[in-house]
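So the structure is just underneath, and the comments pick up after that.
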Amino acid sequence: MTLTEHVRRVAIGSAMATLSLGYARGGLGMWVVAFAAAAVVWWLALRLKWDWVPSLALAGYVLAAAAGCWLGLSPAAMLAGLVVALCAWDLDHFAQRLRSAKPDTATRALERRHMERLAFVSGLGASLAAISLAISLKLSFGVLLILSLLVALGVARTFGWLRRTPE
């Protein structure tokens, strides 16, 4: 098992565990079974090479984290679950790309660089999100709209830069 496969499996389990913990601590323990089922289906999809399941699972985890915040559950648990689910999804797509790569490619070096980037981006994103949870500002709708557009533009440019940079 490669490093990517191992970390991906751990990330899927961690996403399930953090969202389950957040829901269980909020008195909604019945959802733990649904999160565990989603993780099992995701793990099963890895073996069966169902490449469509990770995107569906990520969408489910995003909706669960958003619903958890809306229901007043721990924003930190929802944030952690979302970040780890995004990491698992990214690693799944990276593993798909590795499978289609030429066998003579330096896979370990690619994996190491990808893991370093993923750790940096995930850590930075989680840190900024945690800071935003701690700070309370009252902004008008227009200011929020402009800030949202700037964030979307920044994310798009960052992904463009990451795609151009050779791995």
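Each reported figure results from applying straightforward, stated rules to the coordinates on display, with no laboratory input. Predicted model only: the values in this text are computed from it and were never measured. Neighbour counts are summed over all protein chains in view; Cβ atoms, including those assigned to glycine, are modelled from backbone coordinates with ideal geometry.
Brief remarks follow.
- Chymotrypsin sites (Phe, Trp or Tyr not before Pro) restricted to region 1-56 and DSSP loop, no more than 12 other C-beta within 10 Å: TRP52
- Selected from LEU118, LEU73, LEU145 as most flexible by GNM, with the chain as the system and alpha-carbon contacts under 10 Å: LEU145
- The loop-placed trypsin sites (Lys or Arg not before Pro) in region 103-141, going by DSSP, that have at most 14 neighbouring Cβ atoms within 10 Å of their Cβ come out as LYS138.
- Prolate/oblate/rounded call for region 1-77, Cα gyration tensor, a/c under 1.5 rounded: prolate
- Using the Cβ-Cβ distance between ASP51 and TRP161 with R0 set to 25 Å, the FRET efficiency works out to roughly 0.50.
- Choice from VAL84, VAL33, VAL62 with maximal GNM fluctuation in the chain (Cα, 10 Å cutoff): VAL33
- Using C-alpha pairs under 8 Å with a sequence gap of at least 6, the mean separation divided by the residue count of region 10-167 gives a relative contact order of 24 percent.
- Prolate/oblate/rounded call for the chain, Cα gyration tensor, a/c under 1.5 rounded: oblate
- Shape category assigned to region 39-122 from the gyration tensor of Cα positions, a/c cut at 1.5: oblate
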